[in-house]
Amino acid sequence: MTPTALSPRALAPGERRTLDALFDRLFPAGPDCPSATEIGAAAYVDGALAGAYAAHLDEYRAVLAALDAAAGGDFAGGDAAAQDGLVAGLEADTLPGLPHNPDRSAFDLIWRHLREGLFGDPAYGGNHDMRGWKAVGFPGAQFGYGAGEQVLD
């Protein structure tokens, strides 16, 4: 399912631009593989933050603001090396301005949601056209496939 203009969204356009850039650094396009945003991971998370994951919206906003601040105001506009350095700070939980949760890091939450958007059932708004599944050679749970055809090699 590809989101439409009527799909719910939680993030402001600038926040979404930062999320797109972050996800594409974590799961960049390859020669035969689309990027996270092309697969629909950011669309999935943006929609989920407007619904089932609304409790995480403030945390996402804080993370995106911390990335932008550390990049001098525009994480998405930075070069790949600078972005990678900031992502390393996010992963290490050393980036100034990150929210702190005693149960997990902000990076852990984002990494989990990214994987859901990449490889979850397309019915939930990510994994557009099963592109995440195709990237790893998984045909998905489709009518007409037997159990043996749905196993990764």
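Listed values, structure above:
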{"quantity": "Using alpha-carbon coordinates, inclination of helix 80-92 to the longest axis of the chain, degrees", "calculated": "90"}
{"quantity": "Which of Thr94, Thr37, Thr18 is most accessible, then next, and so on - probe 1.4 Å", "calculated": "Thr94, Thr37, Thr18"}
{"quantity": "Ranking by accessible area, most exposed first, for Val63, Val136 with a 1.4 Å probe", "calculated": "Val136, Val63"}
{"quantity": "Label of the coordinate-derived value, mean projected area of the Cα convex hull in nm², listed as (i) 10.2; (ii) 12.1; (iii) 8.6", "calculated": "(i)"}
{"quantity": "Portion, in percent, of the accessible area of the chain that falls on carbon or sulfur, probe 1.4 Å", "calculated": "56"}
{"quantity": "Accessible area of Glu38 in the full protein assembly, 1.4 Å probe (Å², nearest 10)", "calculated": "90"}
{"quantity": "Selected from Arg112, Arg16, Arg25 as most flexible by GNM, with the chain as the system and alpha-carbon contacts under 10 Å", "calculated": "Arg112"}
{"quantity": "List Trp111, Trp133, ordered by accessible area with a 1.4 Å probe, largest first", "calculated": "Trp111, Trp133"}
{"quantity": "Three-way shape label, the stretch 1-80, alpha-carbon gyration tensor, a/c 1.5", "calculated": "oblate"}
{"quantity": "Enclosed volume per residue, in Å³, of the convex hull spanned by Cα atoms of the stretch 47-124", "calculated": "109"}
{"quantity": "Chain lengthening between Ala12 and Arg104 when straightened (0.36 nm per residue, less Cα-Cα)", "calculated": "30.6 nm"}
{"quantity": "Distance in nm between pseudo-label sites at Asp84 and Ala62 (7 Å out along the Cβ direction from Cα)", "calculated": "2.9"}
{"quantity": "Dipole axis of the stretch 46-153 (+1 Lys, Arg; -1 Asp, Glu on Cβ), positive-most option in Gly137, Gln83, Leu67", "calculated": "Gly137"}
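The values are calculated or read from the model by the stated rules, or taken from the named source; none is laboratory data. Being a predicted model, the structure only gives us computed values, none of them experimental. Note: ideal-geometry Cβ built from the backbone for every residue, glycine included; neighbour counts use all protein chains shown. The protein model used for the area step is the full one, side chains on, heavy atoms only, and it has no ligands, DNA or RNA in it. Shrake-Rupley method; radii C 1.70, N 1.55, O 1.52, S 1.80 Å.
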